[in-house]
Amino acid sequence: MGVLEFFHQDVFLKFLAALLALINPLYGIPIFLSMTKGYTEAERNRTAMIVAFTVMVTALVATLIGEEVLSVFGIHVPSFRVAGGIIILGIAFAMMKADEPSAGDAKAAMEGQKKDSNIAVVPLAIPLTIGPGAIVTAIVFGHQLDDGDEIATLVPAILGVCLLIWVGLRFAGTIARVLGETGMNIITRIMAIILAAVAIEMIMTGVVQIVDENYPNLRGAGQHNPS
């Protein structure tokens, strides 16, 4: 069996769908093109690579040790799951109705343009590409699996998404011309619907876990009560 015995296909697909919806390369293409205006092709390619690498490192850290960081602060994962689900649901609603990047994203982009330092890490990678919603998702999914299962199931999803980020930014100009604003908006809204479904599942699972931890007999008592 090897690595396959640690691989959970259902968790992989859910995690991949959530990351693709949250870390949407198409969403950041207009900002990327605007902020790298005047760059040579080599400079733009280097920036795209740094963005993808930064997102990869951030997602891996959140997935593999995020739960341990929460425990240091005494935060229980079920509560974090509910809070994260609410945040992600809000992001999904914003994605569904927004025709342009959010005010926060636009502000981060403007601040990045004013800086002479490298803009690839901040703000292009953090927070424009991987923000609180993606980090919360990585921590929550990492909590579901043991260490070996985390590596075999979640790491490939992260690597795949980061590869798509690099490809999306590397060919940002071509993609923007082919899809156009309408095409990118349609894809963004499809991602938003997927994201909303993931968020609702996170909230419901977290609520059930909280109830089971604090009122262990509540659901069992309800099931045995005569109708």
Pairs where the first residue, in the range 186-202, is farther than 11 Å from A18 by Cα and of a type in the set (V, I, T) and the second is modelled with pLDDT under 85 and in a helix (DSSP H, G or I), C-beta under 7 Å, 6+ apart: I187/L26; T188/L26; T188/Y27; T188/M95
Residue in the range 68-76 that is farther than 30 Å from N185 by Cβ, of a type outside the set (S, T, N, Q), at pLDDT 85 or above and within 15 Å of the chain's Cα centre (by Cα) present: no
Tabulated pairs, the range 120-136, first closer than 14 Å to W166 by Cα, second assigned to a loop (DSSP other than H, G, I, E, B), C-beta under 7 angstrom, 6+ apart or interchain: T129/I23; I130/I23
Residue selected from the range 105-120 under the condition surrounded by fewer than 16 Cβ atoms within 10 Å (Cβ to Cβ) and in a helix (DSSP H, G or I), by the criterion modelled with the lowest pLDDT: K114
Residues satisfying the stated conditions in the range 125-149, i.e. at pLDDT below 90 and in a loop (DSSP other than H, G, I, E, B): G131, L145, D146
Residue list for the range 8-42, filter: surrounded by fewer than 16 Cβ atoms within 10 Å (Cβ to Cβ), more than 20 Å from the chain's Cα centre (by Cα) and not aliphatic (A, V, I, L, M): S34, K37, G38, Y39, T40, E41
Test: A18 is modelled with pLDDT of 90 or more, of a type in the set (G, A, S) and farther than 30 Å from A92 by Cβ: no
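A quick yes/no check of all residues on (1) surrounded by 15 or more Cβ atoms within 10 Å (Cβ to Cβ); (2) touching a residue at least 12 places away in the same chain (Cβ under 8 Å); (3) in a helix (DSSP H, G or I); (4) out of contact with any Gly (no Cβ under 8 Å at 6 or more places or on another chain):
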{"residue": "T47", "(1), (2), (3), (4)": "yes, yes, yes, yes"}
{"residue": "A52", "(1), (2), (3), (4)": "yes, yes, yes, yes"}
{"residue": "M56", "(1), (2), (3), (4)": "yes, yes, yes, yes"}
{"residue": "E67", "(1), (2), (3), (4)": "yes, yes, yes, no"}
{"residue": "L70", "(1), (2), (3), (4)": "yes, yes, yes, yes"}
{"residue": "G74", "(1), (2), (3), (4)": "no, no, no, yes"}
{"residue": "G85", "(1), (2), (3), (4)": "yes, yes, yes, no"}
{"residue": "L89", "(1), (2), (3), (4)": "yes, yes, yes, yes"}
{"residue": "A92", "(1), (2), (3), (4)": "yes, yes, yes, yes"}
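The values are calculated or read from the model by the stated rules, or taken from the named source; none is laboratory data. Bear in mind the structure is a predicted one, so any value in this text is a computation, not a measurement. Note that each Cβ is placed from the backbone with ideal geometry, even for glycine, and that neighbours are counted across all protein chains shown.
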